[in-house]
Amino acid sequence: MYDAVHVVAVAVQQSQQITVSSLQCNRHKPWRFGNRFMALIKEAHWDGLTGRITFNRTNGLRTDFDLDVISLKEDGLEKIGTWDPPSGLNMTDHQKGKTSNVTDSLANRSLVVSTIW
């Protein structure tokens, strides 16, 4: 979330000539500076909390990044795979000698859930 907010904040700083009047959510008219603002976001590049942040200038998707797939176990978090745009999902062999998923230990149990509003 921090990286996303930072990218938008940098685009706002670079777009000093862009003005925002009140916008209505129910109108279908696009914001007149939308294309310019998106171009500024696509130009962003920096080292954020989630790694190097760069965007494809054609489609606006983030490029050159990897995600860790983690599982919540009884004894904490365990990395069970990775995902990246060119290769997709790559799961590692995580069943050998490892603890079970937390959800497995909750099977056939009754839980009481309460909230305070």
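The values are calculated or read from the model by the stated rules, or taken from the named source; none is laboratory data. Quick caveat, the model's predicted, so the values are computed rather than measured. As a convention, Cβ positions derive from the backbone with ideal geometry for all residues, glycine included, and neighbour counts pool all protein chains shown.
Summary table below
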read-out	value
Subset of segment 43-84 that is in contact with a helix residue (DSSP H, G or I) (Cβ under 9 Å, 6 or more places away or on another chain) and of a type in the set (Lys, Arg) - its residue that is surrounded by the most Cβ atoms within 10 Å (Cβ to Cβ)	Lys73
Filter pass, Val20 being in a loop (DSSP other than H, G, I, E, B), farther than 14 Å from Arg62 by Cα and more than 17 Å from the chain's Cα centre (by Cα)	yes
Residue satisfying condition, being farther than 23 Å from Met1 by Cβ and modelled with pLDDT of 85 or more, within set Thr115, Thr58, Thr103	Thr58
Scope segment 40-84; condition more than 14 Å from the chain's Cα centre (by Cα), under 30 Å from Gln14 (Cβ atoms) and free of Cβ contacts under 8 Å to residues at least 12 places away in the same chain; matching residues	His45, Asp47, Thr58, Asn59
